[in-house]
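Notes follow the structure.
The values are calculated or read from the model by the stated rules, or taken from the named source; none is laboratory data. Remember, it's a predicted structure, so these values are computed and weren't measured experimentally. No Cβ is skipped: glycine too gets one built from the backbone with ideal geometry, and neighbour counts run over all protein chains shown.
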Ligand SMILES: [Zn+2]
């Protein structure tokens, strides 16, 4: 058997572990422990650790089947945990924390063979979503990209099982000082990997269709997915490294310090109210034409402030983040855009709020009222509102909801749509002078939605 797939990704991860961690492991290296026909050739501990990332596939070996089971008896899935057809934040956080804790317990007890088996199971589960074949319903592949040759039907899944080991050993980072905290950071990274992996679905399938056989362009799939392989190996290495650090209480001071805050701009929300801003675009706003522009907001007295880091939120939208109860405070700046002013006028009345909930909030809501446990902040923003800083208590929250509601005027005060559509009624607003927009266009019509902008959002542990 060759070094490929999970074994290869695991081997590269093991090669990145610090020496003190790898040298501590003393698993069963007897012929019985390393020489089974379903294992690649193993000669040393790093290879054993890597090879055991295949353990979730050894379910017909009675000795290994228990490692493919969750605590309550169900199988560990070969994709992110789902609930109700969607990726479950709480489910994935809980499973990652549980698998990590099992590895920590075995390390702490010095049961090295058990620790390697738990590490392998965790590695396999974490690596899966980095390939679209294990993150995305496979039927979509041929539904979105139908084969131009109607005389064939290919199992496109195998195009995405093309792990590469062509990258330097990963340099692991500490993901947390508890399994629960680490699970949150690890899963956020996994979600980033799901997104970047999905961008490769089209290119991989198109490369496949150019071949006479599905395997003809396998080298192209592998090359396209190389970065995904590297990411999956990195996060495997991070999870194992974190398990060692927690098990033996050996934390690097710098790594620990970096865990004190989490940059919300890098967090992947699990729910976004259907609106114009479908994704968070880091460090940019999208203007009315959909072009990305810097985040410029109003300061005091009509001045302008630029946020180098942050994101924009459309004026009638909600984002939910699963933060797994890890954070105590949310610190951020909030302002209104100073260059995108077409929809700001004297009627602008934006209600921005921060809400928290225990558990994973799964409700959807047309009016952006999600039934959270409490609204810890509500701010009303008018046109030209200067940027302000906020610091709110979010202790114990599993779900963090950021939302903005643009409340429309009641119908009695609204002008007829026909009337303000009359030619000649629209006058262009004043152009920015010296980089600062002067007074707002005084439109009488109601505008329901406005762009709302955040600066760096930082949740502090
Ligand atoms: Zn698998």
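Quick look at the numbers
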| read-out | value |
| --- | --- |
| Output for segment 303-315, where each listed residue is crowded, with 23+ Cβ neighbours inside 10 Å and under 16 Å from residue 407 (Cα atoms) | 313, 315 |
| All positions within segment 1-35 that are part of a loop (DSSP other than H, G, I, E, B) and closer than 21 Å to residue 108 by Cβ | 17, 18, 23, 24, 25, 26, 27, 28 |
| Breaking point among (1) surrounded by fewer than 18 Cβ atoms within 10 Å (Cβ to Cβ); (2) away from the ligand (no atom under 16 Å from the Cβ), for residue 138 | (2) |
| Segment 30-75: number of residues that are touching a strand residue (DSSP E or B) at 6+ places or on another chain (Cβ under 9 Å) and under 18 Å from residue 5 (Cα atoms) | 3 |
| Test: residue 150 is within 18 Å of residue 200 (Cβ to Cβ) and either modelled with pLDDT under 95 or within 15 Å of the ligand (Cβ to nearest atom) (or both) | no |
| Odd one out for residue 274 among (1) under 29 Å from residue 371 (Cα atoms); (2) in contact (Cβ under 8 Å) with a residue 24 or more places away in the chain | (2) |
